[in-house]
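Working notes for the structure below.
Please treat every number below as a calculation from the coordinates, not as lab data. Every value quoted in this text rests on a predicted model; they were computed, and no experiment measured them. Here the Cβ positions follow ideal geometry from the backbone for every residue, glycine too, while neighbour counts run over all protein chains shown.
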Amino acid sequence: MQSIRKLLIVNRGEIARRINRTAHKMGIFTVALWTEGDRSLQYVAEADEAVPLQGNSIEDTYLNIDTLLAIAHNRGCDAIHPGYGFLSENPVFARRCIDSGITWVGPSPEAMELLSNKVSSGRLAASLGIPTIPTVTGSADELAARCEAMPYPLLIKAASGGGGRGMKIVRDRSELDRQLQAAAFEAQSYFGNATLFVTPYFERVRHVEVQIVADRWGNVVHLFDRECSIQRRYQKIVEEAPCLSIPQSVRERMMADAVTLARKAGYDNAGTVEFMVLPSGEYYFLEVNTRIQVEHPVTEQITGIDIVECQLRSARGEKLPWRQDDIRVHGHAIECRICAEDPAKQFLPAGGEILRFEVPDKPFVRLEADVTNGQDVNLDFDSLLAKIIVYGTNRQQAIQRMAETLNHTLLQGCASNLALLRSVFNHNDFRQNNIYTAWLEQQLSPLLKHIEAEYRLKHIEAVLLGTAAFVHHEHRTPNLTTAYARWYGRWRLLPRLNLRIADEDLHLQYYYDLQHNIAVVEYNHQQYRIFFSDDARHPDCFTAGIIPPGQSFETERYEVYYSLDSAGRLFIETNGKTAEVGILYRFLNTKEHRWLRPETALHPSSDENSIVAPIPGKVAKIFIAEGQQVQPGDLLAIIESMKTENKLTAIKEGVVEGILVKAGETVKANQTLFVISTN
């Protein structure tokens, strides 16, 4: 049996914290890695040692095998845990760790080579009688000919890796060549292997996976299954365990197939076998993830088994402590991934400063995150910020608890999918388990409308509560403006306030009565009164009631949480509804006073003549040349950011006059990339 005394965690963020927590519980010393953008994250401070990685790209840092092994040896580490992503499913890295005398916390390189490749794992599954999908494999050029006889729609996938990278749906022959080339490029970029495979694409299917754990002695058990059908861009954002959407007999066959496949492959350590389930109850093997999954906490919640501990014990050569019959399901667990992305912009990754992040502290809530207030979102990696896991005695209770938890979660400062998740958990289809992998994309438009109706403040509410937050901040925080106002007779003047809401500039006047704690706001020639309560529990929180014009009593009471960034943007949340209000200027009668830097001017955006980068990222590929004619919708370039592919397309017919960047170049948000003449 091998000992593990000092563990190098080759990952970052929440999964590094998760591994570190269990390692410390087992008495194992830990070493963390960090890049400049992660210097202040909690996982760095929580490890026993932390080592900086030099470089400006993933290839230079978390994918640099030579550097990682050198750090392990220099720090005296006798084991490496890769977490998920990065090199976690790379058999070359695993073999080099083992060859250099370092324990690899994961399956053997041989099992990884066999199972992490979708083609070889599919062949093995078929040989065992496990249902598999008809598949053709090869390079992009080879597949263009081999797919001729296949019925559409088709699904293109990368032979190596997962996470939805390299996946494309092709609905007719005219799209095939372009999508094959794009998928091959993406597969090569992410996994170092451009080999693809193509299968028929099935509509309205579910994604169900089985968690397995194994040891080096041939023992394999499953920890039951997970439902992972709520996805965007082929990536999961909601997972639950156990899976209750398919017949028990089908579940039992799938779980048995997963164990059979793992045992035949000589698998050891933790892994996940994924299946696609049709409405008929038929199922097909998809792939094996030879690593810990992002969604492993839901399985831990219903079984009471620490999967990271299983990994470490298996790596030490210990036998599994249970038989299959010893493992039971208790209750139901659901996980939501909180991501820095904008669902209204095709889930475009979003940067910014996290001004406030708060999740209710309840006995049934588990939070896996590495987020602190004031932290900048690191655009070098994926968009995952946090995972909220909720437990219930049954699915209905777990859904209700998650809905309540999401409604009371605060995330201010950057765009996120929080409101979308709230909307999902209030949708009848989800509550009744009538979901499938394409459900979220198909329902996205009505879900976004539901967000606007149910989770956004009305215009007048945003105006009044934005003003109230400004008054509350001014009254609470000393600064030059309030100092001048106090000297001149605070609030006796009638200041004017310029706001920006939804790209519209607004002008209003207000008066604050300090003695009675009332703000009087004049807007659109009408007067509103805002009554503040003195029961604020947070520096940036207040309770207020609004009395509309012509009335003598308040119509609604608001408990308002707000955050303010350096550009003068107020992020407001109250009663589960949100608004963003830009503070442009504040004027006094005698002298102009700029309360904050006036940085709220609209950012440039792409138009028919100039294409700008919507986010910071790397130009992965450019598909045009100067002088080329383009049509509306033509693909111009792909920008990679947070492991997400973002396509830039032409807006109008024209000719490419200027290409201002090169492939591989890092660009800033709103940087002009291409100039197109439309004359």
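Brief remarks on what is shown
- Principal-axis tilt of helix 13-25 within the chain, Cα atoms, nearest 10 degrees: 60 degrees
- Over the range 6-105, the fraction of Cα-Cα pairs per 10 Å bin, rounded to whole percents and listed from the shortest bin up, is 17, 55, 27, 1.
- MRE, 222 nm, helices only [DSSP H, n ≥ 4, -39500 (n - 2.57), over the chain, to nearest 500]: -8000 deg cm²/dmol
- Within the range 1-55, the proportion of Cα pairs with more than 18 Å between them is 26 percent.
- Axis angle, to the nearest 10 degrees, between helix 65-74 and the longest C-alpha principal axis of the chain: 90 degrees.
- Distant alpha-carbon pairs in the range 267-326 (separation over 14 angstrom), percent: 65 percent
- Cβ-Cβ FRET estimate between residue 346 and residue 526, R0 fixed at 45 Å, reported to 0.05: 0.70
- Sorted by Cβ neighbour density within 10 Å, fewest at the top, the residues 342, 66: 66, 342
- Sorting 552, 423 by the number of Cβ atoms found within 10 Å of their own Cβ, with the fewest placed first, yields 552, 423.
- Stretch gain in nm, segment residue 244-residue 448, where the contour uses 0.36 nm per residue and the Cα spacing is subtracted: 70.7 nm
- The range 332-449 shape via C-alpha gyration tensor axes, a/c threshold 1.5: oblate
- The angle between the Cα long axis of helix 395-407 and the main principal axis of the chain comes to about 40°, on a 0 to 90 degree scale.
- Computed over the range 610-677, the P(r) curve from all C-alpha pair distances, binned at 10 Å from the origin, holds 23, 58, 18, 1 percent per bin.
- If the chain linking residue 358 and residue 496 were pulled fully straight, counting 0.36 nm for each residue of separation and taking away their Cα-Cα distance, it would gain 46.4 nm.
- By the count of other C-beta atoms within 10 Å, a proxy for reagent exposure, 119, 221, 210 are ordered fewest to most as 119, 221, 210.
- When you filter the trypsin sites (Lys or Arg not before Pro) in the range 278-379 for DSSP loop state and at most 11 other Cβ atoms inside 10 Å of their Cβ, you are left with 323, 328.
- Answer label for Rg/Rh (Cα atoms, Kirkwood Rh) (calculated), chosen among [x] 1.18; [y] 0.95; [z] 1.00: [z]
- The modelled label-to-label distance for the pair residue 330/residue 431, using points 7 Å beyond Cα in the direction of Cβ, is 2.9 nm.
- Anisotropy class of the range 115-200 from Cα gyration tensor, a/c 1.5 cut: oblate
- Relative contact order of the chain, defined on C-alpha pairs under 8 angstrom at six or more residues apart (%): 9 percent
- Candidate lysines for bridging to residue 236, where Cα separation is under 27 Å - those fewer than 8 sequence places away on the same chain excluded: 118, 157, 168, 345, 362, 387, 449, 577, 618, 621, 643, 647
- A DSSP coil position with no more than 15 other Cβ atoms inside 10 Å describes the following GluC sites (Glu not before Pro) in the range 213-291: 282.
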